[in-house]
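Visitor: Please see the structure below; I have some questions.
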Amino acid sequence: MSTQKLASEFIGTALLLIGVVGSGIMAQTLTDDTALALLANAIATGCTLYVIITILGPISGAHFNPVVTLAFALRGEHPWSLTAAYIPVQIIGGILGVWLCHVMFDLDILQFSTTSRTGNAQWASEIFATFGLLFVIFGGLRSNAAAVPTLVALYITGAYWFTSSTSFANPAVTISRAFSDTFAGINPAHVSGFIAAQLVGLAVALVVLPRLFAPEK
């Protein structure tokens with residue numbers, strides 16, 4: 001098992017959460033305008049994604065997301081032994097990234113979110129957001145692999161705005177954000193609903209995308 005690959009997934013997921021949570025804290029500190037804060041949060045997250053996917057993609061594939069790892073594994077494109085290692089590393093990296101944000105902004109390190117994110121609209125958004133993320137990744141790999149970092153960054157930046165859930169689309173991100181009672185947080189009691197919806201999005205993608213992107217005969 002490659003230590004280099006696991007280190008890449010750990011560092012990349014930590015940096016992703018630093019981008020998400022850190023920019024949310026900064027935005028909330030600088031403005032009371034929720035729309036402006038969300039815009040800043042979305043742009044910073046998209047920029048972070050572009051950087052980490054471009055740099056770490058050649059090392060580990062730049063999954064930073066258990067759903068992405070599972071999608072590759074279920075397609076037979078990622079070994080299950082490595083899948084079992086990637087997922088906990090992604091979750092731990094994400095949580096430590098959140099805690100580092102708290103240190104950088106002089107907040108209590110250990111905290112739990114009180115932000116409510118639940119209900120049919122948000123679950124439907126997470127199903128669609130997760131399907132859309134996998135659509136972008138596998139569609140990008142088929143049409144222009146070099147553009148995948150840009151495509152994912154642009155998709156997530158946009159999905160912050162066209163989904164009511166602000167497009168978590170990532171169980172590691174969902175779990176990690178429960179540990180921050182800040183702009184980007186999610187109540188721990190609502191984490192399981194988001195993850196269930198993300199897995200539904202994965203299931204839909206696994207049915208639709210192989211047919212959509214199958215090579216022409």
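The values are calculated or read from the model by the stated rules, or taken from the named source; none is laboratory data. Since we're looking at a predicted model, the values are computed, not measured. Methodologically, a virtual Cβ is constructed for each residue, glycine included, from the backbone with ideal geometry; neighbour enumeration extends over all protein chains shown. All accessible areas refer to the heavy atoms of the entire protein, side chains included, with ligands and DNA or RNA removed. Shrake-Rupley method; radii C 1.70, N 1.55, O 1.52, S 1.80 Å.
Condition check ((1) under 21 Å from Leu36 (Cβ atoms); (2) out of contact with any Leu (no Cβ under 8 Å at 6 or more places or on another chain); (3) not aliphatic (A, V, I, L, M)) across all residues:
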residue	(1), (2), (3)
Trp161	yes, no, yes
Ser180	yes, yes, yes
Ile195	no, yes, no
Leu202	no, no, no
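Visitor: Mind listing whichever residues of region 199-211 are more than 19 Å from the chain's Cα centre (by Cα) and either surrounded by 17 or more Cβ atoms within 10 Å (Cβ to Cβ) or not β-branched (Val, Ile, Thr) (or both)? Before you say what the answer is, go through the steps one by one.
Guide: Within region 199-211, the subset more than 19 Å from the chain's Cα centre (by Cα) is 207-211.
Across region 199-211, the qualifying residues are Leu209, Pro210, Arg211.
Visitor: Does Ala62 fit the bill of being of a type outside the set (Phe, Trp, Tyr) and part of a helix (DSSP H, G or I)? Lay out the reasoning, then the answer.
Guide: Details: of a type outside the set (Phe, Trp, Tyr): yes; part of a helix (DSSP H, G or I): no.
Answer is no for this residue.
Visitor: Sort through Ala196, Ala214 and tell me the only one that's at pLDDT below 95, small (Gly, Ala, Ser), more than 18 Å from Ala14 (Cα to Cα) and surrounded by fewer than 20 Cβ atoms within 10 Å (Cβ to Cβ). Don't jump to the end; show me each part of the working.
Guide: Working: Ala196 fails: at pLDDT below 95.
Ala214 is the lone residue from the list that is at pLDDT below 95, small (Gly, Ala, Ser), more than 18 Å from Ala14 (Cα to Cα) and surrounded by fewer than 20 Cβ atoms within 10 Å (Cβ to Cβ).
Visitor: Follow-up. Scan region 76-87 and give yes if some residue there is open to solvent by 10 Å² or more (accessible area, probe 1.4 Å), of a type in the set (D, E, K, R) and touching a residue at least 24 places away in the same chain (Cβ under 8 Å), otherwise no.
Guide: Step one: filter region 76-87 for residues open to solvent by 10 Å² or more (accessible area, probe 1.4 Å), giving 76-82, 84-85, 87.
Subset that is of a type in the set (D, E, K, R): 77.
Cutting the leftovers down to touching a residue at least 24 places away in the same chain (Cβ under 8 Å) gives us none.
For region 76-87, residues open to solvent by 10 Å² or more (accessible area, probe 1.4 Å), of a type in the set (D, E, K, R) and touching a residue at least 24 places away in the same chain (Cβ under 8 Å): absent.
Visitor: Pick out, from region 135-215, the helices (runs of 4 or more DSSP H) lying fully within it that include 2 or more residues that are more than 22 Å from Gly61 (Cβ to Cβ). Give the steps one after another, and end with the answer.
Guide: Details: elements: 148-162, 171-177, 191-212.
Ranges flagged: 148-162, 191-212.
Visitor: While we're here: For region 30-43, does any single residue satisfy the condition of being in contact with a Leu (Cβ under 9 Å, 6 or more places away or on another chain), of a type outside the set (Asp, Glu), touching a residue at least 12 places away in the same chain (Cβ under 8 Å) and crowded, with 22+ Cβ neighbours inside 10 Å?
Guide: Looking for residues that are in contact with a Leu (Cβ under 9 Å, 6 or more places away or on another chain), of a type outside the set (Asp, Glu), touching a residue at least 12 places away in the same chain (Cβ under 8 Å) and crowded, with 22+ Cβ neighbours inside 10 Å, one finds none in region 30-43, hence no.
Visitor: Starting from region 101-127, keep only residues that are in a helix (DSSP H, G or I) and open to solvent by 70 Å² or more (accessible area, probe 1.4 Å), then list their pairs with residues that are modelled with pLDDT of 95 or more and among the aliphatic types (A, V, I, L, M) whose Cβ atoms are within a distance under 8 Å, requiring at least 6 positions of separation or different chains.
Guide: Pairs that qualify, where the first residue is in a helix (DSSP H, G or I) and open to solvent by 70 Å² or more (accessible area, probe 1.4 Å) and the partner is modelled with pLDDT of 95 or more and among the aliphatic types (A, V, I, L, M), are Val103/Ile109; Trp123/Ala196; Trp123/Ala197.
Visitor: Which is without any contact (Cβ under 8 Å) to a residue 40 or more places away in the chain, buried (at least 20 other Cβ atoms within 10 Å of the Cβ) and not aromatic (Phe, Trp, Tyr), of Ala169, Ala159, Ala145?
Guide: The match here is Ala159.
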